[in-house]
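Visitor: Could you have a look at this structure, given as structure tokens, before my questions?
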Amino acid sequence: MSTSAITYLDLVKACDNYPHIDVSKLPSAEGEDPAFYQLLLPDDPRPLGYIHPSVVRKMPWTSDFVVSPPEERPRTVQLLDSSNGRDTSAACNAAFEKVIQAAHDGGVFQSLSRPLREDFRVLGARYPPVQLKRSAAGLFGIACRGAHMTVYTRTPEGLKIWVPKRSAHLKTWPGKLDTSVAGGVRAEESPFECIIHEADEEASLPEDLVRKNVKACGAVTYLCESGSGSGGEFGLMVPDVLYVFDLEVAQDVILKPQDDEVEAFYLWDVQQVKDALLRKEFKTNCASVMIDFFVRHGIITDDNEPDYLEIVTRLHRALPVPLTSK
């Protein structure tokens, strides 16, 4: 597809790229039975994640998990409560920790080749906090939380947006353009607190400035297939929730890299950002966040965008896993 043929809807579809069909029958790798395995927690019939058959086959499951025979429908991976109801949350966390560590030590998955650091919360769990290592979230098909903040300023020439370029050495999406400030939301923090510390670490923005002026603006949700640029296994189902924030700053506020994840920041006008989007220079989900910003600020409207309604709908997709404990 030529650059001139790319549309905003194409960019949104590249992020929200899993088909709208029965998730338990989503296509997997060629030659495999397509049915994903449902991840079930103790005393909860709702699938909290969907696990690719290839992951189920390679995972070094411990006695804390019961994997159904492949011919059964639905296929399930049932986590058992080793505490017998005394502390279900702690039992789940310990079970995830043990199996993920075994997979890491055995070099089973590319996504676990890095050090196992922060945890992600399992959204929808009825006895929080249930959590597992961030790098394993895609393997278990749970909904992941991210926080993205678009920083902009108003100038005599019009609205301008701060756009960072990711460092070339990063394992995921090296050299791509990103949201002004963004990060994965750790299990123990809120999206707001994530933005506060990421703003300092990534963009040298003072905490008091961000706390006083940042605005929560909803969320972008999508369902994607892990692939090129993700730094891990291909073909996994990844439900994502990106909490979006806006921060308007004065012209004398300059964003500067403070860690090694950002190569440089650019202050671009709307047309420059549009051009970069349509050249597909943005990280895939960051393109959706920027398009959502354009919609909320009246830059993309029903009057100037023929795909407006589908874009808005695709930016807020219902996910196949529960997001609350009810």
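Visitor: Please go through segment 235-267 and give me each residue that is more than 30 Å from P320 (Cβ to Cβ) and buried (at least 18 other Cβ atoms within 10 Å of the Cβ), ordered by number.
Guide: Start the filter on segment 235-267 by keeping residues that are more than 30 Å from P320 (Cβ to Cβ), which leaves 247-267.
Listed by number, the residues that qualify are L247, V249, L255, V262, F265.
Visitor: Moving to a separate point now. For segment 138-189, which residues satisfy the criterion of being touching a Cys at 6+ places or on another chain (Cβ under 6 Å) and open to solvent by less than 10 Å² (accessible area, probe 1.4 Å)? Even if it seems obvious, please write down each step before you answer.
Guide: First, pick out the residues of segment 138-189 that are touching a Cys at 6+ places or on another chain (Cβ under 6 Å): 147, 178-179, 183, 185.
Matches in segment 138-189: A147, T179, V185.
Visitor: Cβ-Cβ below 6 Å, separation at least six or inter-chain, first residue in segment 153-172 and within 22 Å of L205 (Cα to Cα), second aromatic (F, W, Y) and surrounded by 13 or more Cβ atoms within 10 Å (Cβ to Cβ): which pairs?
Guide: L159/Y152; I161/Y152; I161/W268; W162/F265; V163/Y266; V163/W268; P164/F265; R166/W173
Visitor: Let me ask you something else. For a quick check of your reading: which strands (runs of 3 or more DSSP E) sit entirely within segment 191-278 and have at least 2 residues that are out of contact with any Lys or Arg (no Cβ under 9 Å at 6 or more places or on another chain) and closer than 15 Å to Y152 by Cα?
Guide: 215-225
Visitor: Only one of (1) in contact (Cβ under 8 Å) with a residue 12 or more places away in the chain; (2) open to solvent by 50 Å² or more (accessible area, probe 1.4 Å); (3) within 21 Å of the chain's Cα centre (by Cα) fails for R279. Which number is that?
Guide: So the condition that R279 fails would be (3).
Visitor: Can you find a residue that is open to solvent by 30 Å² or more (accessible area, probe 1.4 Å), free of Cβ contacts under 8 Å to residues at least 24 places away in the same chain, touching a helix residue (DSSP H, G or I) at 6+ places or on another chain (Cβ under 9 Å) and within 19 Å of R186 (Cα to Cα) anywhere in segment 68-83?
Guide: There is no residue in segment 68-83 that is open to solvent by 30 Å² or more (accessible area, probe 1.4 Å), free of Cβ contacts under 8 Å to residues at least 24 places away in the same chain, touching a helix residue (DSSP H, G or I) at 6+ places or on another chain (Cβ under 9 Å) and within 19 Å of R186 (Cα to Cα).
Visitor: Which condition number does V55 fail, the rest of (1) within 22 Å of G235 (Cα to Cα); (2) open to solvent by 20 Å² or more (accessible area, probe 1.4 Å) being met?
Guide: (2)
The values are calculated or read from the model by the stated rules, or taken from the named source; none is laboratory data. These figures come from a predicted structure and were not determined experimentally. With ideal geometry, Cβ positions are generated from the backbone for all residues, glycine too; neighbour counts draw on all protein chains shown. Protein only, heavy atoms only, side chains kept; ligands, DNA and RNA dropped before computing areas. Shrake-Rupley method; radii C 1.70, N 1.55, O 1.52, S 1.80 Å.
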